[in-house]
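Reading through the structure tokens given below for one structure.
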Amino acid sequence: MLTVEQVRKDIPYLQHRIYLDCASVSPVPQCVIDELVKFYQEHPYNYGVGDCEEAILVGKKVEAARASVAKLIGAKPEEIVVSPKNTTEALNMVINGLPWEKGDDAIQFNIDHRSSFLPLLRVGKRYGVTVKMIKSNEEGISDPEEVAKLITDKTKLVSVSHVNNIHGALQNVKEICKIANEHGAYSLVDAAQSVGRMPVNVQDIGCTYMAFPGRKHMMGPQGSGVLYGALDALNTLEPMILGIRAANEIGYTDYELAKSPKRFETGIFDCASVIGMGRASEYLMEIGIDRIRRHIEELTALFLDGLNKTPGTRYFGPTDVKRQSGIIAFLPKMDPKKFSQKVDKELNMIVKATAPGSPGYKEFRDKNIPMINRASFHYYNTEEEIEKLLSAIKKG
Ligand SMILES: Cc1ncc(COP(=O)(O)O)c(C=O)c1O
């Protein structure tokens, strides 16, 4: 068990910054940095390349990383593809890899990220698939009942973001996936904003596929990402890229696809980042995922209470802290961009100013809100830091 103080000490970047933007990218602990340095100093090889001791060690470390990530989300190692460089790639692997047929349909949500929303729209155009969309309520929460109303026996995929990237609304993915399963549809959970900051268990959720990055709440390296899929479901996906390991040629005229995960892990991939991500998974489990979620929930409650008592500010997102993941959209009293620059300069604090850009943020645009601030909390943040943020907001 690692305390907040210990984790703060472990992350070099936190020694001179108050960091409230893990929903973009998180600073990483020294043990992850050590793995990256060790990789290039001691075994700068790649998966399946070479027969020397160092090359074999890289292979073993990649497999260990796969097992750690699997343990983190309650999967089996062979259900984990470690080659995607980010969430976008993993989502596209599913959406573009399914055996679509004209007349199929798919369901997505207005609060989904462009990384799934756009590829699904393209599938619609390319294959004659009807893409249906479910709108969330004012707090960013979608009702699974809407899925039950729209789903048909033609529905091939239900695609949903576990946690929204702007207002942090936590969706009832378990219920959504249950409805998909009952209708024989695949389900794809975009867990970019949940894995690492709350318990996420693929067995419990019951999803077919899940995508997430190493660099956000997992505190892993940039350029690392994961595609989870129940094994049969992974093997129904056509890989986007073919090459070494992904398939074998039959004579000069035909080929046979390898089984997953090999069929997706073709060519040289970023093994250093994969190994670093494996170390990050271990680190999260050393802290304890339940503790991380509890701590974030406490900070969130503190912040929402303070914001609520500050006239001239606005909050967008769930009011129930259990539905709020600790990724918070708000309007301070001043221009959001200026606010970010002010806290950066005066408090050494990083808070994002962002133009809500995804499909579901049409509502923000309709309300003439071109930009908001987003603060995202992690285990390494403290009540004192939240108080500092609140006091900066109060000052305006
Ligand atoms: C919910 C969600 N999905 C997908 C993405 C895309 O992630 P990546 O940059 O890892 O491709 C993001 C990025 O912020 C996100 O927040």
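The values are calculated or read from the model by the stated rules, or taken from the named source; none is laboratory data. Just so you know, these numbers come straight off a predicted model, no measurement behind them. Glycine also receives a Cβ, built like all others from the backbone with ideal geometry; neighbour counts cover every protein chain displayed.
What the table below lists for this structure:
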read-out: Pair list, Cβ under 9 Å, 6 or more apart: the stretch 191-202 residue in the same structural domain as Lys216 (by TED's automatic domain parsing), other residue part of a loop (DSSP other than H, G, I, E, B) and charged (D, E, K, R); value: Ala192/Lys216; Gln193/Lys216; Val195/Lys216; Gly196/Lys216; Arg197/Lys216
read-out: Complete set of residues in the stretch 101-117 that are in a strand (DSSP E or B) and away from the ligand (no atom under 13 Å from the Cβ); value: Asp105, Ala106, Ile107
read-out: Enumeration of residues in the stretch 214-257 that are assigned to a helix (DSSP H, G or I) and either modelled with pLDDT of 95 or more or not assigned by TED's automatic domain parsing to the domain that holds His162 (or both); value: Ala233, Leu234
read-out: Condition check for Thr313: touching a Phe, Trp or Tyr at 6+ places or on another chain (Cβ under 7 Å) and not assigned by TED's automatic domain parsing to the domain that holds Lys85; value: yes
read-out: Residue among Ile80, Ile56 that is touching a strand residue (DSSP E or B) at 6+ places or on another chain (Cβ under 9 Å) and of a type in the set (Val, Ile, Thr); value: Ile80
read-out: Only one of Ala65, Ala23, Ala75, Ala70 that is in a loop (DSSP other than H, G, I, E, B), more than 16 Å from the ligand (Cβ to nearest atom) and under 21 Å from the mean Cα position of the chain (by Cα); value: Ala75
read-out: So Phe377, is it in contact (Cβ under 8 Å) with a residue 40 or more places away in the chain and out of contact with any Lys or Arg (no Cβ under 8 Å at 6 or more places or on another chain); value: yes
read-out: Cβ-Cβ under 8 Å pairs, at least 6 apart or on other chains, the stretch 144-169 side under 9 Å from Phe109 (Cβ atoms), far side among the acidic types (Asp, Glu) and within 16 Å of the ligand (Cβ to nearest atom); value: Ser159/Asp112; Ser159/Asp190; Val160/Asp112; Val160/Asp190; Ser161/Asp112; Ser161/Asp190
read-out: In the stretch 241-282, the residues that are of a type in the set (Phe, Trp, Tyr) and surrounded by fewer than 22 Cβ atoms within 10 Å (Cβ to Cβ); value: Tyr252, Tyr255, Phe269
read-out: Set Tyr255, Tyr228: member being hydroxyl-bearing (Ser, Thr, Tyr) and either away from the ligand (no atom under 16 Å from the Cβ) or within 23 Å of Ala55 (Cα to Cα) (or both); value: Tyr255
read-out: Answer from Ser358, Ser340 - the residue that is within 19 Å of the chain's Cα centre (by Cα) and surrounded by 15 or more Cβ atoms within 10 Å (Cβ to Cβ); value: Ser358
read-out: Leu150 of a type in the set (A, V, I, L, M, F, W, C), away from the ligand (no atom under 16 Å from the Cβ) and crowded, with 20+ Cβ neighbours inside 10 Å; value: no
read-out: Single residue of Met93, Met1 found to be of a type in the set (A, V, I, L, M, F, W, C) and surrounded by fewer than 16 Cβ atoms within 10 Å (Cβ to Cβ); value: Met1
read-out: Val58, sole failed condition from (1) within 16 Å of the ligand (Cβ to nearest atom); (2) more than 21 Å from the chain's Cα centre (by Cα); value: (1)
read-out: Long-range neighbours under 6 Å by Cβ, at least six apart or interchain, first residue under 20 Å from Glu282 (Cα atoms) within the stretch 72-91, second of a type in the set (S, T, N, Q) and more than 14 Å from the ligand (Cβ to nearest atom); value: Leu72/Ser281; Gly74/Asn201; Gly74/Gln203
read-out: Test: Ile292 is closer than 25 Å to Val28 by Cβ and outside any helix (DSSP H, G or I); value: no
read-out: Exclusive hit being under 30 Å from Pro119 (Cα atoms), in contact (Cβ under 8 Å) with a residue 24 or more places away in the chain, surrounded by 15 or more Cβ atoms within 10 Å (Cβ to Cβ) and in contact with a Phe, Trp or Tyr (Cβ under 9 Å, 6 or more places away or on another chain), set Ile296, Ile369, Ile287; value: Ile369
read-out: The stretch 295-324, residues that are in contact with an Asp or Glu (Cβ under 9 Å, 6 or more places away or on another chain) and in a loop (DSSP other than H, G, I, E, B); value: Gly317, Pro318, Thr319, Asp320
read-out: Test for Lys156: is it among the charged types (D, E, K, R), surrounded by fewer than 24 Cβ atoms within 10 Å (Cβ to Cβ) and within 20 Å of Leu118 (Cα to Cα); value: yes
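Yes or no, residue by residue, for (1) closer than 29 Å to Pro356 by Cα; (2) surrounded by 17 or more Cβ atoms within 10 Å (Cβ to Cβ):
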residue	(1), (2)
Asn164	yes, yes
Ile179	no, yes
Ser194	yes, yes
Ala233	no, yes
Glu238	no, no
